[in-house]
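Here the structure is laid out as structure tokens; the discussion comes afterwards.
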Amino acid sequence: MDGVQRTLYAPKDGAALRRSYATANCNPCRCHQSRHCEKAEACPGTTARKLDWLASLYVRDETYAKALAELVKHHHRHAFAEHWGEGKTASSDGQRFRAGGRGEATGQVNLRYGNEPGVLFYTHISDQYTPFYSKVIAANARDATYVLDGLLYHESDLRIEEHYTDTAGFTDHVFALCHLLGFRFAPRIRDLADKRLYVPNPHREYAALAPLVGGRLQLKLKHGGRKFFAWPPRFAMAPSPLR
């Protein structure tokens, strides 16, 4: 916990340490913004006003990200974590939460979950059962848009090599970018038999995949009477998420 504490707030004494823990505990429900905060009352030497002050100065997305990285690092180095995995594979999925109160106006409706507005918490978790990246996204957004965010922007020591998602986390673009960035992408794809692959070489070179091949890629495009290969722009796109 010392490493986590340093990322959120550097306390000078025991009372400040308790206040910082209480602030982190209050932040999800924002109860420190209320005059009658039960957590503040249960923490000797503090008030809801002090907790609100700490939250406004020290509790931000970047400090939470650093704190999470510290937790993931210690969990990854713990000997018992090796019983579950090496920390080299991961999966991601979204979990919906209904929006209420002041947040109801900012929520989105996804009929898959009903008629009430809400948001999705899209979380990446390693094979050691460590949630190393989490992002709040719109309830009607496709998961695939955020798959690479967790693989590239987490601040932990994990070195993910292979990643799994459900069908909502899969698109052709994610497949291509994962390959170009050095990740093995292994989604669970619904109705896989109805999907078709487009290959760069003649079909006969992919005999085992013949039932799934839908056509051949057009690698040479014409522009202004000249032919050029379509690959360079795609390779140029691959490093863009790293910038």
Handout entry: Accessible-area composition of region 88-210, carbon plus sulfur, in percent [1.4 Å probe]
Key = 51 percent
Fill in the blank from the handout: Note to self: with every protein chain in place and a 1.4 Å probe, region 96-203 gives an accessible area per residue in Å² of 58 Å²
Fill in the blank from the handout: Per residue, the convex hull enclosing the Cα atoms of region 49-198 spans a volume in Å³ of 145 Å³
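The values are calculated or read from the model by the stated rules, or taken from the named source; none is laboratory data. Because the structure is a prediction, the values reported are computed rather than measured. All accessible areas refer to the heavy atoms of the entire protein, side chains included, with ligands and DNA or RNA removed. Shrake-Rupley method; radii C 1.70, N 1.55, O 1.52, S 1.80 Å.
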